[in-house]
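Undergrad: Below is one structure. I have some questions about it.
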Amino acid sequence: MLKIPLKILEKPGNTSRNGNKKMKLQTPYYLIDEKKLLENMKKISYIRKMSGAKFVLALKCFSTWCVFDLMSEYMDGTTSSSLYEAKLGYEKFGKEVHAYSVAYPKEEITELKKFADKIIFNSVSQLNEFYPLVKNKNLGLRINPKISYSHFDLADPARKYSRLGVCDKKEILQNLDKINGAMFHFNCENEDVDNLEKSLAYIGKNYKELLEKINWVSFGGGIYFTKKGYDVKKFCKILKEFSQKHNVQIYLEPGESSITMSAKLVTTVLDVVKNEKDIAVVDSSIEAHMLDLLTYHTPAKMKVFKNAKYEYIVAGRSCLAGDIFGTYKFGKKIKPGDTVEFEDAAGYSMVKMNWFNGLPMPAIVVKRLNGKTEVIRKFTYKDFVNNLGNAGN
Ligand SMILES: *Cc1c(COP(=O)(O)O)cnc(C)c1O
């Protein structure tokens with residue numbers, strides 16, 4: 001077998017030179033800005049104080065742990081979808097570790113019980129199966145309240161035939177003695193505080209007996225409280241009233257809202273082609289580096305330019321025909337070598353990046369609070385080759 005020396009296949013690294021004032025990083029890269037992250041954290045801190053609710057970061061949305069030291073100052077811990085996420089939360093974030101999984105294999109339970117503070121089961125059958133192993137732990141049950149706020153059927157936990165959470169109230173009440181808490185995750189990008197108020201009133205009424213017995217209740221993620229214009233005061237009031245009325249500790253599990261607008265995906269234009277419209281091809285791919293947007297048919301966000309009159313389709317360089325970030329207007333003509341930045345690229349992007357087409361994964365770069373830029377991780381051909389095999393290096 002022909003062995004190609006690695007060096008030839010790897011892109012030249014960082015183009016920065018000693019003495020250069022402006023460091024130019026090799027694109028593509030995700031750039032996390034701690035200052036922007038801090039704005040979200042301060043909002044969380046305010047809501048925590050005013051409402052008494054606790055906040056655990058949903059790692060399935062964002063698990064880039066190089067900024068966990070900052071986040072853990074403002075949040076109460078993490079929540080997870082699997083053993084690996086829970087372990088990451090325990091090792092890198094600290095504080096409370098909530099474990100949840102749609103279905104646990106027994107080995108995960110054995111491992112989780114060593115460090116998880118709460119174990120949340122998705123069904124009564126799993127609760128009963130593993131109860132003998134974890135009965136001295138703080139246990140919770142996920143409930144499907146059959147209400148939801150989601151623009152997408154794909155992400156609607158209360159969609160028809162949903163497997164997410166227990167529907168049968170009788171079943172819940174029969175097992176009350178085993179649990180301390182309940183999790184209702186029923187929102188997705190919910191920016192409507194009045195809608196949330198109605199949902200909580202419904203849950204309060206419909207699950208009264210459950211709430212009387214348990215100590216904590218989680219309302220999951222999907223509440224867009226970091227979005228501009230969200231009525232944070234009213235949000236705090238609703239949460240506080242609910243927790244006082246039912247004498248429960250409320251938890252929220254924000255993923256997206258914790259990291260809104262805190263990162264960009266920085267790319268470089270490689271080519272501009274024309275097929276009726278002008279198309280700028282960048283050195284990234286929505287399929288490989290912002291997959292969530294493609295899944296939900298939403299264009300990537302870009303800032304609005306002044307004098308924006310030059311319209312381009314911005315596309316990725318994978319061979320997928322629909323690898324398109326979106327159509328944008330720029331203030332000048334686009335040419336190869338230009339930088340194109342996609343905004344709001346932290347959530348559900350880095351956690352989903354993949355090696356499709358063998359495209360180099362974006363590096364992970366952080367701009368710290370003190371203004372210093374740190375390259376946290378670069379991906380190379382070695383990472384690619386080891387991804388689907390073991391090259392022994
Ligand atoms: C996805 C998920 C979250 C986080 O949702 P966001 O929309 O990112 O806030 C929280 N809890 C559970 C159970 C989830 O499945």
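Undergrad: Of everything in region 36-87, what is among the hydroxyl-bearing types (Ser, Thr, Tyr), touching a residue at least 60 places away in the same chain (Cβ under 8 Å) and away from the ligand (no atom under 15 Å from the Cβ)? Give them in sequence order. Even if it seems obvious, please write down each step before you answer.
TA: Applying the first criterion (among the hydroxyl-bearing types (Ser, Thr, Tyr)) to region 36-87 yields 45-46, 51, 63-64, 72, 74, 78-82, 84.
From what is left, the residues that are touching a residue at least 60 places away in the same chain (Cβ under 8 Å) are 46, 51, 63-64, 79.
Those that are among the hydroxyl-bearing types (Ser, Thr, Tyr), touching a residue at least 60 places away in the same chain (Cβ under 8 Å) and away from the ligand (no atom under 15 Å from the Cβ): Tyr46, Ser51.
Undergrad: Regarding region 216-224, can at least one residue be identified that is without any contact (Cβ under 8 Å) to a residue 40 or more places away in the chain, assigned to a loop (DSSP other than H, G, I, E, B), away from the ligand (no atom under 13 Å from the Cβ) and not aliphatic (A, V, I, L, M)?
TA: Taking every residue of region 216-224 in turn, none turns out to be without any contact (Cβ under 8 Å) to a residue 40 or more places away in the chain, assigned to a loop (DSSP other than H, G, I, E, B), away from the ligand (no atom under 13 Å from the Cβ) and not aliphatic (A, V, I, L, M).
Undergrad: Quick one: which of Asp283, Asp271, Asp278, Asp231 is of a type in the set (D, E, K, R) and in contact with a helix residue (DSSP H, G or I) (Cβ under 6 Å, 6 or more places away or on another chain)?
TA: Exactly one of Asp283, Asp271, Asp278, Asp231 is of a type in the set (D, E, K, R) and in contact with a helix residue (DSSP H, G or I) (Cβ under 6 Å, 6 or more places away or on another chain), namely Asp231.
Undergrad: Go through Leu200, Leu211, Leu196 for me and flag whichever is of a type in the set (A, V, I, L, M) and over 18 Å from Lys169 (Cβ atoms).
TA: Leu196
Undergrad: Residues to consider are Asn195, Asn206, Asn187; find the one that is open to solvent by 10 Å² or more (accessible area, probe 1.4 Å), on the phi < 0 side of the Ramachandran plot and in contact with a Phe, Trp or Tyr (Cβ under 7 Å, 6 or more places away or on another chain).
TA: The conditions single out Asn195.
Undergrad: Give Lys329, Lys352, Lys335 a once-over and let me know the one that is over 26 Å from Pro254 (Cβ atoms) and surrounded by 12 or more Cβ atoms within 10 Å (Cβ to Cβ).
TA: Residue meeting the stated conditions: Lys329.
Undergrad: Additional query: Quick one: is Ala99 part of a helix (DSSP H, G or I), of a type in the set (A, V, I, L, M) and either closer than 22 Å to Met353 by Cα or within 14 Å of the ligand (Cβ to nearest atom) (or both)?
TA: no
Undergrad: Still on this structure: In region 108-127, is there at least one residue being over 28 Å from Asn247 (Cβ atoms), in contact with a Gly (Cβ under 7 Å, 6 or more places away or on another chain) and open to solvent by less than 20 Å² (accessible area, probe 1.4 Å)?
TA: Checking region 108-127: not a single residue is over 28 Å from Asn247 (Cβ atoms), in contact with a Gly (Cβ under 7 Å, 6 or more places away or on another chain) and open to solvent by less than 20 Å² (accessible area, probe 1.4 Å).
Undergrad: Another question, if that's okay. When region 150-176 is examined, which residues are found to be surrounded by 17 or more Cβ atoms within 10 Å (Cβ to Cβ), under 18 Å from Ile120 (Cβ atoms) and either within 12 Å of the ligand (Cβ to nearest atom) or among the acidic types (Asp, Glu) (or both)?
TA: Pro157, Leu164, Gly165
Undergrad: Working only within region 176-194, note down all residues that are in a loop (DSSP other than H, G, I, E, B) and under 24 Å from the mean Cα position of the chain (by Cα).
TA: Phe184, His185, Phe186, Cys188, Glu189, Glu191, Asp192 - these are the residues of region 176-194 that are in a loop (DSSP other than H, G, I, E, B) and under 24 Å from the mean Cα position of the chain (by Cα).
Undergrad: While we're looking at this one, here's another question. Looking only at region 188-198, decide whether some residue is acidic (Asp, Glu), in contact with a Cys (Cβ under 9 Å, 6 or more places away or on another chain) and modelled with pLDDT under 95.
TA: Residues of region 188-198 acidic (Asp, Glu): 189, 191-192, 194, 197.
Checking which are in contact with a Cys (Cβ under 9 Å, 6 or more places away or on another chain) leaves us with none.
Within region 188-198, none of the residues are acidic (Asp, Glu), in contact with a Cys (Cβ under 9 Å, 6 or more places away or on another chain) and modelled with pLDDT under 95.
Undergrad: So, in region 198-207, of the ones that are over 24 Å from the mean Cα position of the chain (by Cα) and outside any loop (DSSP other than H, G, I, E, B), which residue ends up farthest from the ligand (Cβ to nearest atom)?
TA: Lys205
Undergrad: Let me ask you something else. Is there a residue being buried (at least 17 other Cβ atoms within 10 Å of the Cβ), more than 16 Å from the ligand (Cβ to nearest atom) and part of a helix (DSSP H, G or I) anywhere in region 250-271?
TA: No: zero hits.
Undergrad: Condition first: out of contact with any Phe, Trp or Tyr (no Cβ under 7 Å at 6 or more places or on another chain) and surrounded by fewer than 22 Cβ atoms within 10 Å (Cβ to Cβ). Now tell me which residues in region 66-90 satisfy that.
TA: If the condition is that a residue be out of contact with any Phe, Trp or Tyr (no Cβ under 7 Å at 6 or more places or on another chain) and surrounded by fewer than 22 Cβ atoms within 10 Å (Cβ to Cβ), then Cys66, Asp69, Leu70, Glu73, Tyr74, Ser82, Leu83, Tyr84, Glu85, Lys87 are the ones that fit.
The values are calculated or read from the model by the stated rules, or taken from the named source; none is laboratory data. Since the structure is predicted, the reported quantities are computational estimates derived from the model, not experimental observations. In this analysis, Cβ positions are derived from the backbone assuming ideal geometry, glycine residues included, and neighbour counts consider all displayed protein chains. These area figures cover heavy atoms from the full protein model, side chains too; ligands, DNA and RNA do not enter into them. Shrake-Rupley method; radii C 1.70, N 1.55, O 1.52, S 1.80 Å.
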